[in-house]
Structures are given as structure tokens and as C-alpha cells.
1. What share of Cα pairs, in percent, lie more than 22 angstrom apart in the stretch 29-115?
2. Between R120 and T27, what length comes free when the chain is fully extended (0.36 nm per residue of separation minus the Cα-Cα distance, one decimal in nm)?
3. Compute the distance in nm between two label points, each set 7 Å from the Cα along the Cα-to-Cβ direction, one at H95 and one at Q83.
4. So what is the accessible area of the stretch 27-86 per residue, in Å², with the probe set to 1.4 Å?
5. R10 to D49: FRET efficiency via 1/(1 + (r/R0)^6), r the Cβ-Cβ distance, R0 25 Å, to the nearest 0.05?
6. At a 1.4 Å probe radius, carbon and sulfur cover how many percent of the accessible area of the stretch 34-106?
Amino acid sequence: RRTVIDVAFRKRKMYEGFLRSVKLLSTLTDNEISRIADALEPVDYKQGDVVIKEGDLGQDFYIIVQGEAQVEQHGQSVGSLRQGDYFGERALLEHIPRSATVSASTDLKCVVLSEPAFQRLLGPLKELMQRQPYAQPSVMLKND
């Protein structure tokens, strides 16, 4: 039991520092950051892997921990993402299909929040995310 607690504690501490560097989450309280850190799951992709595909239903919210990703809409590049950038939120917030394809440009390490965890933990951020003037490709897409 102690080992499980120690592993969870180390995971939380590792992600808390990283989450504070994500602009969108920078105003959250320590308690809110801790709850998000506990719910994150790491996932790795190899260069060229498709992370999300335009038109698919959204089930996860992603934050890039390391590496780069390419964003395409209708087969054309519309931007790139790096450490601290996030994607996948619009499909979860608006209950619409994915509006872009995101592929790993390099080996890519992300952390993922499932849709239920996203709704539970970031639901109150819905308004902030929808009006925040950030330069994420998901808000610069042609059909948005």
C-alpha cells in the first residue's frame, strides 16, 4: 500500500510543476493542479503517428510534455504544437467532431485527461478556454 501511495505522490509532484507552466492552467489553485495531476495518464507517440484525426469523436484532452506535433486541417498544415501546448479541448467542450488532425512530428510525449476527468476537473474552465486569446491552432482553423 505504501508503494502505491509513494508512486502516486511522485507522479503528482512531477506533473504539478509541469502543469504550472501550461498557460491555460497557470491561474489554478494548488488543489486544482493536484487533482488534475492525479488524473493525467502519460502516452507516447512515435514520429509520424496520428494522435487525433479530423472528423473523429473526441474522447481525450492532450498536453504536450515533450516533442512537436503537426496540425492539419483538410490535409493542409495549419500549425505546429510544442511542449506546454494542448489540443483536443474543442471537441470535448462543444461536443463536436475533431476539427483537425494532429500528428507527431518528432517522438512525442503527452499527458492525457479522459473526457470524464476533463469534464469533472476542467468543466469550470469552459468559459475561460473559449474566450482566451491563445495562439493554439484549434482556434485558428478555417471552419471555427
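The values are calculated or read from the model by the stated rules, or taken from the named source; none is laboratory data. Owing to the predicted nature of the structure, the values given are computational and were not obtained by experimental measurement. Positions of Cβ are backbone-derived with ideal geometry, glycine not excepted, and every protein chain shown enters the neighbour counts. Please note that ligands, DNA and RNA were not included when accessible areas were found on the heavy atoms of the full protein model with its side chains. Shrake-Rupley method; radii C 1.70, N 1.55, O 1.52, S 1.80 Å.
1. Value for the stretch 29-115: 22 percent of Cα pairs lie more than 22 Å apart.
2. Gain on extension, R120 to T27, equals 31.7 nm.
3. Modelled inter-label distance: 3.8 nm.
4. Ligands and nucleic acids excluded, the figure is 56 Å² per residue.
5. Calculated value: 0.35.
6. The nonpolar share, carbon plus sulfur, comes to 44 percent.
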